[in-house]
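A.B. asks: Sharing a structure with you now.
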Amino acid sequence: MAEYDLVVRGGTVVGAFGTTRCDIGVRGGRIVALGERLGDAAQVLEADGLLVLPGGVDSHCHIEEQMPDGSVIEESFASGSVAAFAGGTTSVVCFVQQWKGHGIAERYWEHKRRGATGMLDYAFHQIITDASDLALEQELPALVADGLRSLKVFLTYDPLHLDDAQYIRVLAAARRHQMLVTVHCENYHAINWRTEALLKAGLTAPKYHSWSRPPVVEREATHRAIALAELVDQPIQVFHVSCEEAAEEIARAQARGVKVWGETCPQYLTLTADHMDRSNPADGAFEGAKFMCSPSPRDTAEQAKVWNMLRRGVLDVVSSDHSGSGFYNSIGKAAAGRDAPFSQIPNGIPGLAARLPILFSEGVVKGRITLEQFVALTATNPARLMGLAPRKGSINVGADADLVLWDAKKKVTITNALMQHAIDYTPYEGLEVTGWPVATLRRGEVVMREGKVEAQPGSGQYLPRAPYDLLIPRNILANDFDAAPPL
Ligand code: URP
Ligand code: ZN
Ligand code: ZN
């Protein structure tokens, strides 16, 4: 029997802390050797002239999420797996939604059944929309025992948003169970107030989505989310940071030693509010809905500041916030009609397959970040922050052999077909990128080669997460009084 099931030969292997030319030996789906001229392999994959990256870890994806109105996000675990592999991502953390007035257990186990139909490895964030005793006291412990390690809360959006009292209850529950809380930071009342005024003034087109939520509403909610997390002494990650003033709130808290991390997404590095002002002869101003997400994309000056926050390490994860709303069908962006006011158009844009190519091209190729920072932002940091390391996110002996063979010179014009997702458009249509994945390996198996995805349905693995060091509270408490002692 050969010593290795597979050797990836002669590639330039990239890690968060350095780059080296070596072979990778794989056995039983894991990396068992890194070295020169590894021999005796059942299969050899030549990687000469290519970069070898750890498989992307996308810690913020909306896949097959079930909504309280009975609808389901258009991207399924099966179709999402194809898109992920096509773009060089091998693991995701996606969401289970709690329906207001319900507990969390029923949806969670149902979502787990759905997750098992896909091909990529997956973990969950549980969204809390109703911080009830049923959810947090009675049902959460069983989910934690199953390896759930993160909660998501929304400080805006009907019917998802939590008020401060409910948010504090979630923080306290997370602290008791040693979980991460991820937060959508925008001020609910401020957005509603501006939205009402905009609609009254007849300003209803997609572009006014951005007018309804200027940076100050994100900054205020980010400040409040961090202050309350500091009060409870609970680690949080601020999702999809779009602007410098919100990132500055994170930087200030980090300087105080608070356990707060920040994520941004390719849309805040490449799109602007002007995209929502686009129109074309077929779709009119509705074309702008293709770029509508929350927080809103800002302007090019703000993009430069967000890049700087990545370089400073204030923001240390780039996820896609992949969100499945079709544009041309009648169940997605156009569900309320193509003339509907912006307030009735579903938020969110797809980006699962585009995440790595865009960040590589706009970041590494244009000299804004280093190759090592690219790997840290897209794989190593999200794996570490989500408790998936050392199994995921880096090329190390003992880690899963999740690898991407990357052609750093290949020029590609992004089209929706290349994204291979279930959504009928991409907001990045026509964007020219340099750098593209030529093969993706999940646990040592080639699941994508030259754009062709082949993997057994149901071969994705659930990734249970145990407690990890980043989540240990600091034990800095007002008056030394612990109102939510860890269990
Ligand atoms: O607009 C967005 N981001 N939609 C997806 C849901 C969320 O807020 O994460
Ligand atoms: Zn969000
Ligand atoms: Zn999201």
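A.B. asks: About the Cα centre, and with charges only on the beta carbon of Lys, Arg (+1) and Asp, Glu (-1), how big is the dipole of region 361-438? Nearest 20 debye, please.
C.D. replies: Around 260 debye, computed over region 361-438.
A.B. asks: Hey, can you rank 400-409, 4-13 by average C-beta count inside 10 Å, highest first?
C.D. replies: Per-residue mean Cβ counts within 10 Å order the peptides as 400-409, 4-13.
A.B. asks: Among all the aspartates and glutamates, which ones have a C-alpha under 14 Å from Lys392's C-alpha, if same-chain residues fewer than 8 places away are not counted?
C.D. replies: List returned: Asp58, Asp121, Asp400, Asp402.
A.B. asks: Next up: How many angstrom lie between the Cα centre of region 91-127 and the Cα centre of region 1-44?
C.D. replies: 34 Å
A.B. asks: Can you find, among Tyr268, Pro346, Ala131, the residue sitting farthest towards the positive end of the charge dipole of the chain, where Lys and Arg contribute +1 and Asp and Glu -1 at Cβ?
C.D. replies: Tyr268
A.B. asks: Using helices alone, what [θ] at 222 nm do you get for the chain, with -39,500 (n - 2.57) per DSSP H run of 4 or more residues, divided over all residues and rounded to the nearest 500?
C.D. replies: -7000 deg cm²/dmol
A.B. asks: Another question, if that's okay. Restricting to Cα pairs below 8 Å that are 6+ residues apart, what does the relative contact order work out to for the chain? Please round to a whole percent.
C.D. replies: Computed value for the chain: 22 percent relative contact order.
A.B. asks: Enumerate the lysines that Lys333 could reach by cross-link, defined here as Cα to Cα under 16 Å, with residues fewer than 8 away along the same chain left out.
C.D. replies: Lys207, Lys290
A.B. asks: Follow-up. Using 1/(1 + (r/R0)^6) with R0 = 60 angstrom and r between the beta carbons of Phe17 and Asp339, what's the FRET efficiency to the nearest 0.05?
C.D. replies: With a Förster radius of 60 Å, E is 0.70.
A.B. asks: Given +1 on the Cβ of Lys and Arg, -1 on the Cβ of Asp and Glu, and no further charges, what dipole in debye does region 55-375 carry about its Cα centre, rounded to the nearest 20?
C.D. replies: The dipole of region 55-375 has a size of about 440 debye.
A.B. asks: Order of 349-358, 446-455, 71-80 by packing, highest average Cβ count within 10 Å first?
C.D. replies: 349-358, 71-80, 446-455
A.B. asks: How high is the FRET efficiency from Asp482 to Ala282, r the C-beta distance, R0 41 Å, rounded to 0.05?
C.D. replies: It comes to 0.10.
A.B. asks: Work out, step by step, the length gained on full extension between Gln138 and Leu203: first 0.36 nm times the residue separation, then minus their alpha carbon distance; give nm to one decimal.
C.D. replies: Taking Gln138 through Leu203 to full extension adds about 18.8 nm, to one decimal.
A.B. asks: In region 55-375, carbon and sulfur make up what percent of the accessible area (probe 1.4 Å)?
C.D. replies: On region 55-375, the fraction of accessible area on carbon and sulfur atoms equals 52 percent.
A.B. asks: Using the scaling law 2.2 N^0.38 Å as the reference, what is the normalised Cα Rg of the chain?
C.D. replies: Computed over Cα atoms of the chain, the ratio equals 0.94.
A.B. asks: Using a 10 Å cut-off on Cβ atoms, rank the peptides 381-391, 185-195 from the highest mean neighbour count down.
C.D. replies: Result, highest mean Cβ count within 10 Å first: 381-391, 185-195.
The values are calculated or read from the model by the stated rules, or taken from the named source; none is laboratory data. The structure displayed is predicted, hence computed values, not measured ones. FYI the Cβ positions are ideal-geometry reconstructions off the backbone, even for glycines, and counts take in every protein chain you see. Side chains are part of the model used for accessible areas, which takes the heavy atoms of the whole protein and leaves out ligands, DNA and RNA. Shrake-Rupley method; radii C 1.70, N 1.55, O 1.52, S 1.80 Å.
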